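Structure, as structure tokens:
The values are calculated or read from the model by the stated rules, or taken from the named source; none is laboratory data. All values derive from a computational prediction rather than experimental measurement. When we count neighbours, we look across all protein chains shown, and the Cβ atoms used for this are built from the backbone with ideal geometry, even at glycine.
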Amino acid sequence: MRITLLVLLFLLVLQRLDAQTYSIIDNRAIKLHEQGDELVKSRNYDEAIEKYKLSIQREANFLESYIKWGRLLLTKGNHEEALAVVNRGESRAGKASTKIKADFSWLKLNIYLGQGAFEKAIDEFDTSSELLDEAFKRSHEYNQIKSQIEFVAKNIENKLLIHKQKLPDPINDFTLQYFPVLTADSKKLLFTKRDGTENYHTEDIFVSYYDKEIGWTKPSGISDSINTYYNEGTCTISADGNILIYTSCDAPDSFGSCDLYVAYKVNGQWQKSKNMGKNVNSRSWDSQPSLSADGRILFFSSNRRGGYGGNDIWYSLWLPDGSWSEAKNLGSVINTAKDEVSPFIYFNNEILFFASNGHQGFGGMDLFVSRVVKGEFTKPENLGYPINDHKDQFSLFITAQRDYAYYTESNYNQGKVERSFLYRFKFPEEIALGEKLVVSQGKVLNSKTGQPIDAKLSLVSLANDSTMYQFRSDGKTGEFLMIYPDRSFSGLYVEKKGYLPKIFNVERDNLKNKENLEISLTPIASGEEFIFENIFFDFDKDELKPESKSSLLRLLEFLKENPSVKIHIIGHTDNVGTVSYNHSLSQRRAESVRNFLLSKGIHESRLTAEGKGDAHPIRPNDSPENRALNRRITISIL
């Protein structure tokens, strides 16, 4: 991508130089020079360089050959050698025309940008601007570089303080390792591993586990059911580590060169992966997936038709039947006429990071961030210096704890990757990541047998009944891991067919950052009872508040799934007020729940309601917190 830009810049310089007479008159040197020009047109760069060298050997003051030789070296990524050639030629340009001096300065400016010598580039731009003619200053090339210089100057003046750290052994033991991702607890690191740069060196997904005593364990292949003889890599994993989506290239069941595949972990084992199908994949390149924390939104990069440029960012939604929606382009706010790759949707599902060479940057691929505001992605912001610099930056991953950002950095030789390594840095506080995230871990068990249960855990905003996150517990161990924004007024619903639901108020039940939360589900049976959380009434009122909708709808669904079940709805109060008044109020509140269910089609024979006032407290009525717990609705199975 960067090479293509440099080729275009070279050809522009070539055209500008061809429009003038040469600075020498030696015809044999000029002939060698023009032979070099012809070789450039056919992109035989090494042979062209030899012609320019010969022309300079013939005539040491052939300034145009120095410029074209330096330009080709820049195009090939040989910045140091290019600068040496330019300095050598510029030293002979004392009496040259202003145009020749401008061309040397302009070339040196581009070399400095390619090297990341930004302060020198800023100074050289000022020098060039004094030498260049007004016609060139009106060109797209000049104004593009001018915008970049202004952008660079502003960003290095406001540079971020970060310290990049190469991950310690044994992580970086391979020739190539790239695209790091971690689970929400930051204890499992996945990355793509490759043993070399030749075509026969295939990609595999490797995993390492963090141990407080020894650090990162020696990486190993994720699973024989995932890694094959084909290329598997550039993966993404759900926050709980149970859904893996990855890229596989040239597999027998692929739609194109590279497709996206999905694998699920069931009872602790990765199941056989499946091609994600024609709704997601195309005949083109589809790769670099990023899955939202709850596994419901997939972002990826593709060069398929219908985009805005080379590679664009697309997305697909998980559907209730387990399939994925038809992929859609993320739109022109994010995508440009150039390339957008390596998307990463942060754990709060509201911040998208990606790499691009189409938005204003430092050169090559830079990292950008866009935030969701009122359901739309905002104009991308460059992450700034020195997160971005003159090199290609991509594959950014930021932990749920916000402590570190992980990324890939490569070593190049003549424009080709020789080695790549995994790095991290403390993520700067200046770049906002929204609300603090909460991680809760635990198990879901059968209350009667203690056996693990494969249950659905849904985190719901009680304000608008929107499901923010949805997870599952492991059927073999009962273990689950949830991550969600630190917001008040949210409910956790734990459900499994054949069991009574478990309902929590996240804030009141103090579920935040729990590491060993044990949730017991009780099989449906006569006489069993559960607290019907998140049912709200105004003080001294019996009308259901809108925030009760989430729990009411889940109770309705429970009754529809279990048509033979009859329930007894019981209202309770605290001890504030008279016994008779509290009994009446609790009866009216229980009737409100019953009336809602009746209005939704549940037969009256399945529903009874009773008020018990303050007769059965579950906490002493000695504090506001305890009295709040005593004001409740319970559901008993008849």
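In the set Lys193, Lys212, which member is within 26 Å of the chain's Cα centre (by Cα), of a type in the set (Lys, Arg) and assigned by TED's automatic domain parsing to the domain that holds Gln360? Give the derivation first.
Working: Lys212 fails: within 26 Å of the chain's Cα centre (by Cα).
Among Lys193, Lys212, only Lys193 is within 26 Å of the chain's Cα centre (by Cα), of a type in the set (Lys, Arg) and assigned by TED's automatic domain parsing to the domain that holds Gln360.
Would you be able to tell me the number of residues in the range 36-61 that are surrounded by fewer than 18 Cβ atoms within 10 Å (Cβ to Cβ) and either under 13 Å from Gly89 (Cβ atoms) or not assigned by TED's automatic domain parsing to the domain that holds Gly77 (or both)?
Of the residues in the range 36-61, 3 are surrounded by fewer than 18 Cβ atoms within 10 Å (Cβ to Cβ) and either under 13 Å from Gly89 (Cβ atoms) or not assigned by TED's automatic domain parsing to the domain that holds Gly77 (or both).
Given the residues Thr477, Thr467, which is the only one that is β-branched (Val, Ile, Thr), surrounded by fewer than 19 Cβ atoms within 10 Å (Cβ to Cβ) and modelled with pLDDT of 90 or more?
Details: Thr467 fails: modelled with pLDDT of 90 or more.
Unique residue meeting the criteria: Thr477.
For (1) outside the structural domain of Thr183 (by TED's automatic domain parsing); (2) outside any loop (DSSP other than H, G, I, E, B); (3) touching a helix residue (DSSP H, G or I) at 6+ places or on another chain (Cβ under 7 Å), each residue gets a yes or a no:
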| position | (1), (2), (3) |
| --- | --- |
| Val341 | no, yes, no |
| Asn348 | no, no, no |
| Gly358 | no, no, no |
| Gly363 | no, no, yes |
| Val369 | no, yes, no |
| Gly384 | no, no, yes |
| Ile387 | no, no, no |
| Lys391 | no, no, no |
| Tyr406 | no, yes, no |
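Would it be correct to say that Phe174 is over 21 Å from the mean Cα position of the chain (by Cα) and either assigned to a strand (DSSP E or B) or not small (Gly, Ala, Ser) (or both)? Before the answer, list the steps.
Numbers: over 21 Å from the mean Cα position of the chain (by Cα): yes; either assigned to a strand (DSSP E or B) or not small (Gly, Ala, Ser) (or both): yes.
Spelling it out, Phe174 is indeed over 21 Å from the mean Cα position of the chain (by Cα) and either assigned to a strand (DSSP E or B) or not small (Gly, Ala, Ser) (or both).
Restricting to the range 217-231, name every residue that is part of a loop (DSSP other than H, G, I, E, B) and either closer than 17 Å to Gly268 by Cβ or of a type in the set (Lys, Arg) (or both). Lay out the reasoning, then the answer.
Our first condition is that a residue be part of a loop (DSSP other than H, G, I, E, B); within the range 217-231, this holds for 217-219, 222-230.
Those that are part of a loop (DSSP other than H, G, I, E, B) and either closer than 17 Å to Gly268 by Cβ or of a type in the set (Lys, Arg) (or both): Lys218, Ile222, Ser223, Asp224, Ser225, Ile226.
Among the helices (runs of 4 or more DSSP H) confined wholly to the range 522-638, which include 1 or more residues that are free of Cβ contacts under 8 Å to residues at least 40 places away in the same chain and more than 41 Å from the chain's Cα centre (by Cα)? Write out each step before concluding.
Working: elements: 549-561, 579-599, 624-630.
So the answer is 579-599, 624-630.
Check every one of the helices (runs of 4 or more DSSP H) wholly within the range 16-97 and list those with 3 or more residues that are of a type in the set (Asp, Glu). Walk me through it before giving the result.
Numbers: elements: 27-41, 45-58, 63-75, 79-90.
Of the helices (runs of 4 or more DSSP H) lying wholly inside the range 16-97, those with at least 3 residues that are of a type in the set (Asp, Glu) span 27-41, 45-58, 79-90.
If you take the residues of the range 446-456 that are in contact (Cβ under 8 Å) with a residue 40 or more places away in the chain and closer than 24 Å to Trp270 by Cβ, which of them is surrounded by the most Cβ atoms within 10 Å (Cβ to Cβ)? Lay out the reasoning, then the answer.
In the first step, residues of the range 446-456 are kept if they are in contact (Cβ under 8 Å) with a residue 40 or more places away in the chain; the result is 446-448, 453-456.
If we keep only those that are closer than 24 Å to Trp270 by Cβ too, we end up with 453-456.
Working: Ile453: 21, Asp454: 15, Ala455: 25, Lys456: 16.
Looking at residues that are in contact (Cβ under 8 Å) with a residue 40 or more places away in the chain and closer than 24 Å to Trp270 by Cβ, I get Ala455.
Kindly indicate the residue of the range 310-346 that is aromatic (Phe, Trp, Tyr) and over 25 Å from Thr408 (Cβ atoms) and also nearest to the chain's Cα centre (by Cα) among those meeting that condition.
Taking the range 310-346 first, the residues aromatic (Phe, Trp, Tyr) are 314-315, 318, 324, 344, 346.
Subsequent filtering for residues that are over 25 Å from Thr408 (Cβ atoms) retains 318, 324.
Numbers: Trp318: 17, Trp324: 19 Å.
Among them, the one singled out is Trp318.
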